[in-house]
Every structure is written in structure tokens, then in C-alpha cells.
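The values are calculated or read from the model by the stated rules, or taken from the named source; none is laboratory data. Note that the coordinates shown come from a computational prediction; the quantities given were computed from them, not determined experimentally. Cβ coordinates were reconstructed from backbone atoms using ideal geometry, including for glycine residues, and neighbour counts include every protein chain displayed. The area values use the complete protein model at the heavy-atom level, side chains included, leaving out ligands, DNA and RNA. Shrake-Rupley method; radii C 1.70, N 1.55, O 1.52, S 1.80 Å.
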Amino acid sequence: MNYWLMKSEPEAFSIDDLQRMKVGGWDGVRNYQARNHMRAMKKGDRALFYHSSVNPPAVVGSMEIAREAYPDPTQFDPGNVHHDPKSPRSAPRWSQVDVKFIEKFPKPMPLGKIRETPALKNMVLVKRGRLSVQPVTPSEWNTILKSCRA
């Protein structure tokens, strides 16, 4: 099993939205490295749900990869903000995965605390903060879960 961190702005898609839906598509990713991480995800992998563009940004819950990468339909929809007119249906440029709600943390872990935690100093979130989908080591995963459930 692999571990990931996936960012979303709560106005677009929040942990509460996922909790209501139970399973949802993680669409709209338009960064090649983030897309490649999603393409590497396997059904059953776990991911941290991170609320970005809020004060403070924080890890707020966890989810499971319910469906492996498949073409993101928003890339073909001219009415969608994520439309990519250069992405051919025959060789889609962008992918999405489906995620399944696991839990909303009783105690979210804000970015400031992540940065101050020695065990998380090498986390991709700290080193390359803008990447919207990123790997997490098992040790980082356990450190964050312990803090969020304390």
C-alpha cells in the first residue's frame, strides 16, 4: 500500500463534501507531476485530505483510493473550468481517481505544525508545497494520524 496527500480548496471540494458523497472523483488536476502521481495510485492506497487556500491550510481527514486513474472527463467539457481543448479523446492528457471517505480528523494538523514537527521535515508538502498530489512515507502518514487523532 502507498500513501499520498491530496489538496483541495474547500470551496471547490471539501472533506465534508466527500463525507456526504462517500465516494467522489478527484478531477481537475492540471499539473503533470501531480497527474503522474495519480496514475501511480492503486486501489486501496490511502491518502490524506488537505484543505488548501484557507487559513490555516491543514490535513483534515483521510480517504482511500477507490478507483485507479482514468481519463478526467472535465478536460473534454468546454463548459468546465478545467477544459483542455488540446487534450484529444484518443490520448487523454489528464486523469482522475475516485476516492472513498474514511474519516474526518477530530484535530486537523495545520501546515505550521507540520513544518515544526521534526519527523515531517522532509515531507514533500514542506519541500514542494504547491504540488497538489504528492507521496507520503509510511512514517509521515503515522506521525500525522497520531497527531490528528490525539
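Remarks
- Solvent-accessible area assigned to carbon and sulfur over the stretch 1-60 amounts to 46 percent, based on a 1.4 Å probe.
- Per residue value of the accessible surface for the chain (all protein chains in place, 1.4 Å probe), Å²: 52 Å²
- Cα-only Debye scattering, the chain: base-10 log of I(q)/I(0) at q = 0.11, 0.12 Å⁻¹: -0.40, -0.47
- Average Cα contact separation per residue, the stretch 71-143, under 8 Å, 6 or more apart, as relative contact order %: 18 percent
- Local net charge near residue 14, Cβ-Cβ under 11 Å (Lys/Arg +1, Asp/Glu -1): -2
- Converting the Cα gyration tensor eigenvalues of the stretch 12-84 into ellipsoid dimensions via √(5λ) gives semi-axes, longest first, of 20, 17, 13 Å.
- Whole-number percent relative contact order across the stretch 102-147, with pairs defined as alpha carbons under 8 Å at least 6 apart: 36 percent
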